[in-house]
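Read the structure below first, then the notes.
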Amino acid sequence: MVRVVSAVAANTVRELVRSKLLYNLLLFAVLFIAASLFVAQLTIGNWNRVILDMGLATIEIAGVLVAVMIGVGIVAGEIERKTIFPTLAKPVPRSAFLLGRYAGLVAILAVNVAVMLAVLAIVLRLAGYAVSPTTAEATLLLFLELAVMAAVAVFFASFTTPMLATAFALSVFLIGHLLGDLRAFGDRSKSAAARVLSHAIYQVLPDLELLNLKSYASNELSVQTRFVWTSVGYGCAYAAVLLMLAIFIFQRRDLK
């Protein structure tokens, strides 16, 4: 099983390396991060705050687009184009196919985040600053957020069309950053139904703000190590549950 998953993951990486969409998004991100140095010069105050705000936000947005659009394409797109059948005709279990696709996508996301962080570090160095420990922790949690979004994309792609899977995944990303406000609204609401509904949504959808340290990094605030590792555990657990659900659904789906 591990050998099959590794083979599918390696093949996924080879496919994505040739993806024009991947390079276009990465080029856009690199140019935008580089441009933050010029934007910072137009402001009054600490340049590093502007650079980090723009840089980390760019890593997140570009990464989410890669995770969702490519994540949906390598599963739902394969099904829609019927190119999945030659792979499944071989001794490749559907669970190994999904896990391999996900592992390959996460590997590409890791490389993308590393490249964008390197560019951000260069821009900070040109401005006379360095990557702080909080910035490194924020980047780690950003990568974990992208891994969660890749799992979300694979989950929706396992049972619906590429267009709907993309829309659902991007909706989860947007709502995931508003769950704290939604829960607070439910707590203050006088309606019992609103409280139950808000808490149910909070329990089901990922709270992506737990993986968001961008403001801490840009304001040079320290973060407790315990919080970082708790967030890492939360993200890994959520991604694992989504992948298990995706496998359960995908194994029972009629692909004809």
Selection from the range 130-185 of residues that are charged (D, E, K, R) and either touching a Ser or Thr at 6+ places or on another chain (Cβ under 9 Å) or modelled with pLDDT under 90 (or both): Glu137, Asp181, Arg183
Extreme residue, surrounded by the most Cβ atoms within 10 Å (Cβ to Cβ), among residues of the range 200-222 that are more than 19 Å from Ala147 (Cα to Cα) and either under 17 Å from the mean Cα position of the chain (by Cα) or among the aromatic types (Phe, Trp, Tyr) (or both): Tyr216
Matching residues, the range 120-140, being surrounded by fewer than 21 Cβ atoms within 10 Å (Cβ to Cβ), under 24 Å from Asn24 (Cα atoms) and in contact (Cβ under 8 Å) with a residue 24 or more places away in the chain: Leu140
Looking only at the range 223-254, and only at residues there that are over 14 Å from Thr139 (Cα atoms) and not in a helix (DSSP H, G or I), the one that is farthest from the chain's Cα centre (by Cα): Asp254
Residues (surrounded by 17 or more Cβ atoms within 10 Å (Cβ to Cβ) and either in contact (Cβ under 8 Å) with a residue 60 or more places away in the chain or among the hydroxyl-bearing types (Ser, Thr, Tyr) (or both)) located in the range 161-181: Pro162, Ala165, Thr166, Ala169, Leu170, Phe173
Failed item, numbered, when Ile74 is tested on (1) surrounded by 22 or more Cβ atoms within 10 Å (Cβ to Cβ); (2) at pLDDT below 90; (3) over 18 Å from Leu99 (Cβ atoms): (3)
Pair list, Cβ under 9 Å, 6 or more apart: the range 188-201 residue closer than 14 Å to Ile175 by Cβ and in contact (Cβ under 8 Å) with a residue 24 or more places away in the chain, other residue hydrophobic (A, V, I, L, M, F, W, C) and surrounded by 11 or more Cβ atoms within 10 Å (Cβ to Cβ): Ile201/Ile175; Ile201/Leu179; Ile201/Leu182
Elements of type helices (runs of 4 or more DSSP H) in the range 1-90, at least 3 residues being touching a residue at least 40 places away in the same chain (Cβ under 8 Å) and touching a helix residue (DSSP H, G or I) at 6+ places or on another chain (Cβ under 6 Å): 2-17, 20-40, 47-65
Residue match in the range 146-154 (condition: touching a residue at least 60 places away in the same chain (Cβ under 8 Å), of a type in the set (Gly, Ala, Ser) and surrounded by fewer than 24 Cβ atoms within 10 Å (Cβ to Cβ)): yes
Complete set of residues in the range 1-56 that are more than 26 Å from Val123 (Cβ to Cβ) and charged (D, E, K, R): Arg3, Arg14, Glu15, Arg18
Residue in the range 182-199 that is within 27 Å of Gly73 (Cα to Cα) and buried (at least 17 other Cβ atoms within 10 Å of the Cβ) present: no
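The values are calculated or read from the model by the stated rules, or taken from the named source; none is laboratory data. This structure is a prediction, so every number in the text was calculated from the model and none was measured. So basically every Cβ, Gly included, is an ideal-geometry build from the backbone, and we count neighbours across all protein chains shown.
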